[in-house]
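The values are calculated or read from the model by the stated rules, or taken from the named source; none is laboratory data. The model shown is predicted, which means the values in this text are computed figures rather than measured ones. Here the Cβ is made from the backbone with ideal geometry for all residues, glycine too, and neighbour counts use every protein chain on show. Ligands, DNA and RNA are excluded from the accessible area calculation, which covers all protein heavy atoms including side chains. Shrake-Rupley method; radii C 1.70, N 1.55, O 1.52, S 1.80 Å.
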Amino acid sequence: MMPIPGSGLAKGLAVTLRTMTKRAHTAQYPEVQPELPPRTRGVIGLFEENCTVCMLCARECPDWCIYIDSHKETVPAAAPGGRERSRNVLDRFAIDFSLCMYCGICIEVCPFDALFWSPEFEYAETDILELTHERDKLREWMWTVPAPPALDPAAEEPKEIAAARKAAEKAGAAAAAAAAAAAEAAAPTTPETDSPTTPEGDA
């Protein structure tokens with residue numbers, strides 16, 4: 001069956017008419033902030049205390065937009081007779097968001113959970129050079145990172161948490177036993193005294 005000439009145009013006009021009769025939904029931004037999903041890829045927050053300057057994020061970044069500078073410090077021996085150790089100290093951690101393509105590889109490869117997605121998106125600048133944000137700004141965005149979802153109550157307890165809990169219970173039981181033994185050893189001993197006896201014939 002041959003289509004009626006002009007039927008496609010009529011269908012398109014029908015869709016246009018239906019849309020014109022519906023009320024438009026306008027989001028009053030910026031007065032009303034949008035409700036973003038918790039996994040929104042806005043910016044990357046830095047938890048500086050967890051960063052060990054391993055450089056994995058900078059090496060794996062396909063855009064080379066992560067800049068890290070560090071220096072080494074000598075840590076004194078923790079115990080007498082031990083040897084001194086050296087550790088990396090973070091001097092600079094910056095991300096150029098004019099180059100970043102928000103792939104999330106840096107967050108996935110970080111072995112110490114120092115990088116997180118933040119839903120923050122209001123960081124537009126008039127100059128492209130100002131889109132390179134240093135670690136102070138990245139740390140501010142860290143506090144906008146949403147909390148992780150709750151664990152499934154029916155799921156098994158993670159092995160790490162189970163091992164830590166068992167170790168804590170064992171240490172607590174040993175401490176309680178030691179405290180009980182110390183309390184028993186410190187308790188004063190009272191000598192046994194014979195009860196007075198009455199001579200025979202006294203009634």
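Observations on the model:
- Note on the range 1-62: along the principal axes its Cα atoms extend 70, 38, 15 Å, ordered by decreasing extent.
- Summing Cβ point charges (Lys, Arg +1; Asp, Glu -1) relative to the Cα centre of the range 1-116 gives a dipole of roughly 700 debye.
- Of [x] 25.1; [y] 18.4; [z] 17.9, the label for Kirkwood radius over Cα pairs in Å derived from the coordinates: [x]
- In the chain, the longest principal axis of the Cα atoms and the axis of helix 7-20 are about 50 degrees apart.
- Peptides 46-52, 81-87, 118-124 ordered by packing proxy, namely the average of other Cβ atoms within 10 Å per residue, highest first: 46-52, 118-124, 81-87.
- Nonpolar atom fraction for the chain, defined as the carbon and sulfur part of the 1.4 Å probe accessible area, stands at 59 percent.
- Full-stretch length increase - Glu60, Glu184 - with 0.36 nm per residue and alpha-carbon distance subtracted: 38.5 nm
- Met2, Met55, Met101, reordered so the largest accessible area comes first (probe 1.4 Å): Met2, Met101, Met55
- Shape class of the range 74-154 from the Cα gyration tensor (axes a ≥ b ≥ c, square roots of the eigenvalues): oblate, since a/c reaches 1.5 or more and a/b does not exceed b/c.
- Averaging Cα coordinates gives a centre for the range 1-32 and one for the range 47-69; these two points are 48 Å apart.
- For Pro119, net neighbour charge (Lys/Arg +1, Asp/Glu -1) across residues whose Cβ lies under 12 Å away: -1
- Accessible-area rank, largest first, for Arg59, Arg23: Arg23, Arg59, with all protein chains present and a 1.4 angstrom probe.
- Helical content of the chain, expressed as a calculated mean residue ellipticity at 222 nm, amounts to -9000 deg cm²/dmol (DSSP H runs of 4 or more residues, -39,500 (n - 2.57) each, divided by residue number, nearest 500).
- Cβ-based net charge around Glu157, under 12 Å, with every Lys or Arg adding one and every Asp or Glu removing one: 0
- Peptide ranges 66-77, 176-187 listed from the most packed, as the mean C-beta count within 10 angstrom indicates: 66-77, 176-187
- Solvent exposure of the chain as accessible area per residue, Å², 1.4 Å probe: 79 Å²
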